[in-house]
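Q: One structure follows; several queries about it will come next.
The values are calculated or read from the model by the stated rules, or taken from the named source; none is laboratory data. Owing to the predicted nature of the structure, the values given are computational and were not obtained by experimental measurement. FYI the Cβ positions are ideal-geometry reconstructions off the backbone, even for glycines, and counts take in every protein chain you see. The accessibility values were calculated without ligands, DNA or RNA, using every heavy atom of the protein model including side chains. Shrake-Rupley method; radii C 1.70, N 1.55, O 1.52, S 1.80 Å.
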Amino acid sequence: MLIKGREWLGGYPQWNYPTWEQLRQRRALFDGVTAYSPTARANLTIAGDTQHVDGLMASGSFFDTLGVSAVIGRTFSDADDRRDGGPDGPVAVISYSFWQRHFHGAADAIGKILPIENVPFTVVGVTPSDFFGPDVGRTFDAIVPLGTEPLVSRRESRLNNPGTTWLNVIARLKPDRMLETTQIALRAEQAHIFDVTRPPWGGQALDEYLKQTFTIVPAATGDSSMREAYERPLVTILAVVALVLLIACANIANLLLARATARHHELCVRRALGASRWRLARQLLTESVLLAAIGSTLGLLIASWASRVLVAQLSTRARTVMLDLSLDRRVLAFTIVITAVTALLFGVLPALQGSGAAPMDALKERAQNGRDTGSRRGRFAGGLVVAQIALSLVLVVAAGLFVRTFVALSTRGLGFDRDRVLVASVNAHSASIEPAQRLRIYAEARDAVRALPGVTDAALSAQTPPIEGATMLLGLKQVSGGPLLIERPLDERLGILGIVGPGFFSTLGTPITAGRDFTARDAKTAPLVAVVNQAFARAYLNGENPVGHTVESSMPALSMEIVGVAADAVYRSLRAPVQPVVYIPLTQASWAPIPMTAQLNLSLRTSAGGSPEGLIKGAAAAIRAVNPDLTVTFTSLSDQLDASLTQERIIAMLSGFFGALALLLASLGLYGVTAYAVALRRSEIGIRMALGAAPGSVVRLVLARVTTLVAIGVVVGAGISVWASQFVATLLYGLEPHDPVTLAGAAVTLGAVGAIAGWLPARRASRIDPAEVLRDS
């Protein structure tokens, strides 16, 4: 079971280390309890070559609580989960895939040393091949005990910091206890637990912490922020796929109805020779099931490949997404059910119609029979085409909304230059540098890369926008000349805290609109200063120039003079509106809620026309020349932005694909029905032309029915689209669900496709030879 807490933290880790220690002491409540820190990417350095590994930190009881044993070697225990390592020193358990990839499955991997963040970890065991970790969508290469966190952390140790929430907790219920009983017992302890683990906050934030409640939820399917992020989009895509399936079923039903009509004489003869109606229906249904089975088999093969491609799209340079996509009994059972349902959807009506053939019909004139049957089938086929067009319009509208959302986000004004910035994440924690000297080393690294050819500017910062996830926040008390903010709700007086060095704004291409940037004179001993963005001025000073004003914070209590105003820039999510930001200089950030000297971002701006990726090799050499023990990873700002648009890109890609597929199916259905109608009316059209009808009038005659079907389908589809679009409103950006431009564009597109599909058989009808038709009659 997962032990959850504050809802306002969303899918982020819920607990600090002191809270975990309190829960661990209450073993009588659980059959087992463990804590872990979600997957983080670490550096593995071997022979001077730095690789990335996905790491996981877990308490000593992790494997026992989850019931996971080692394939070879052993798992770690509470004895290994000690500060700076247990009796065997720092140990690690590696995943089966990492064992195969890095050690080629050799048994002597046990006892080998893994230098993670330059800390030697001894490999003591390998997990089974089907264990991917507790977080759905995330995998790991190595798991290390929580107690080794001070050795590898990229920040200062979080073990004794109650202000940092970084752990998730999983518990195993006692066999004789229900979930509700355990939750009641745990909540009886919560007031004391939260009181003794209170963070160094104050005011409303501390009140929120003390008022939170333990909630136990099932963990049978694991924990995942990805599930929360993709649940609504996947449900939407599932609905889209269902609509495409319905369109495909309508197409095949039309095909089978036409085939049943063509075989009418044959079926009548079979009835005359003694075949029962049930036997004929069974034969036609068997053919439908066979079609569905062949289609499902092909679909499984395509899905097996396409699903892997889709998951690969979710992975970024900063995070590898791993999902087990192997076919199991549930997938096969679902496929069998869908196969049966689709066979019934497109097979029952043709089977009923075909099996209803009367024996005497075989003796009647086939031409007259064909006209009667064709007329009845034509009306039903027209209804199916209308349904296809309506559903296709819904899918095209959805595709238009999602594609336009992706375009709006990818072309949104950012307030900084995305194409000319390379971000180097520099970690000094494992280097032999005193914490007090780290800023000086970082400054030397900045100066070294700034001197490289092709680099126009460089700057340090704690974080680089856009930041998807946790950001540092500053509780505001008052801005001089403005109202007292402490009386406002907490969420209305929180500003984003940006910790940056001199040149940060020019490096990212964000202009200073008033006042000045930070300079070298904003030293640690100088008066505290800040630069704010334009949104800050609008929110707290009604747009007045804030330069010269002071901003007072409540967490912690201090005052800073505003010396500059930066243009608004997207600092957090691309979807979120620009929020008030308070930037402070790195040299004055010792009071910040999280010490930031263990790892900083070093941003490099390329010259015009230069490629950020082209600077990686030179920048890495320049940084390591300052100190060879510094570890560094690179990513371009454009890649970072692309990674933040992964969800929108996938939704746009899938909805666009299925929208185009729906258009294709609808056009094929319309073409088939029109071509069949022309074939049935071939004699009539030939006689009309023999009596003087021009080819153009024949084209208009055929297209009149096509236009009617398309118009009815568009009207019905528009109504469904307007109703259904409300359910995807939260997935859109910069658009109203009932966007008239998208709706009109979809209607025009569908009309054009329908016109092309109908024009081809209409053109063929206009070329019928009257003499040949009269001769055949």
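Q: Which value, in Å² rounded to 10, gives the accessible area of C249 with a 1.4 Å probe and all protein chains present?
A: 10
Q: So what does log10 I(q)/I(0) come out to for the chain at q = 0.07, 0.10 Å⁻¹, using the Debye formula with one equal point on every Cα and no solvent?
A: Calculated log10 I(q)/I(0) at the listed q: -0.69, -1.11.
Q: Which trypsin sites (Lys or Arg not before Pro) in region 59-154 sit in a loop by DSSP (not H, G, I, E or B) and have at most 15 other Cβ atoms within 10 Å of their own Cβ?
A: Filter output for region 59-154: R74, R82, R83, K112.
Q: Regarding region 584-661, what is the average projected area of its C-alpha convex hull, in nm²?
A: Averaged projected area of region 584-661's Cα convex hull equals 9.1 nm².
Q: In square nanometres and to one decimal, what's the mean projected area of the convex hull around the Cα atoms of region 58-180?
A: 9.2
Q: Quick one: check the C-alpha center-to-center distance for region 727-744 versus region 621-654, whole angstrom.
A: 31
Q: Report the relative contact order of the chain, percent, no decimals, based on alpha-carbon pairs under 8 angstrom and at least 6 residues apart.
A: It rounds to 15 percent for the chain.
Q: Please work out, to two decimal places, the log10 of the ratio I(q)/I(0) at q = 0.13, 0.19, 0.28 Å⁻¹ from a Debye calculation in which every Cα of region 556-620 carries one identical scatterer.
A: Debye intensities relative to I(0), on a log10 scale: -0.64, -1.11, -1.19.
Q: So, one more: Lys/Arg Cβ at +1, Asp/Glu Cβ at -1, dipole of the chain taken about the Cα centre: which of V126, S77, T139 is farthest positive-ward?
A: After comparing all options, I get T139.
Q: Next question. Based on alpha-carbon centroids, what's the gap between region 534-592 and region 478-501 in Å, whole number please?
A: 8
Q: Along the positive direction of the dipole of the chain (beta-carbon charges: Lys, Arg +1; Asp, Glu -1; about the Cα centre), which of T19, F658, P175 reaches farthest?
A: Highest projection toward the positive end goes to F658.
Q: Viscosity 1.002 mPa s, temperature 20 °C: what is the translational diffusion coefficient of region 669-777 from Stokes-Einstein with a Kirkwood Rh over Cα pairs, rounded to a whole number of µm²/s?
A: 134
Q: Would you be so kind as to identify which of F346, P770, L298 lies farthest towards the positive end of the dipole of the chain, taking Lys and Arg as +1 and Asp and Glu as -1 on Cβ and the Cα centre as origin?
A: Sorting the options by dipole projection puts first P770.
Q: Could you tell me what a quarter of the Cα convex hull surface of region 243-326 works out to, in nm² with one decimal place?
A: Mean projected area for region 243-326: 7.7 nm², to one decimal.
Q: Now, a different point. When N counts the residues of region 465-542, how does its alpha-carbon radius of gyration compare numerically with 2.2 N^0.38 Å, as a ratio?
A: 1.21
Q: Using Cα atoms only, what is the angle between the long axis of helix 695-724 and the major principal axis of the chain, expressed in degrees (0 to 90) to the nearest 10?
A: 40
Q: Please get the size of the charge dipole for the chain, origin at its Cα centre, with Cβ charges of +1 on Lys and Arg and -1 on Asp and Glu, quoted in debye to the nearest 20.
A: 3200
Q: Additional query: Using a 10 Å cut-off on Cβ atoms, rank the peptides 460-466, 609-615, 173-179, 60-66 from the highest mean neighbour count down.
A: Highest mean packing first, the order is 460-466, 60-66, 609-615, 173-179.
Q: Checking the cross-link filter: which lysines have an alpha carbon closer than 19 Å to that of K4, excluding same-chain neighbours under 8 positions apart?
A: K174, K211
Q: Any idea what the dipole of region 411-544 comes to, in debye rounded to 20, about its Cα centre with Lys/Arg Cβ at +1 and Asp/Glu Cβ at -1?
A: With Lys and Arg at +1 and Asp and Glu at -1, about 120 debye.
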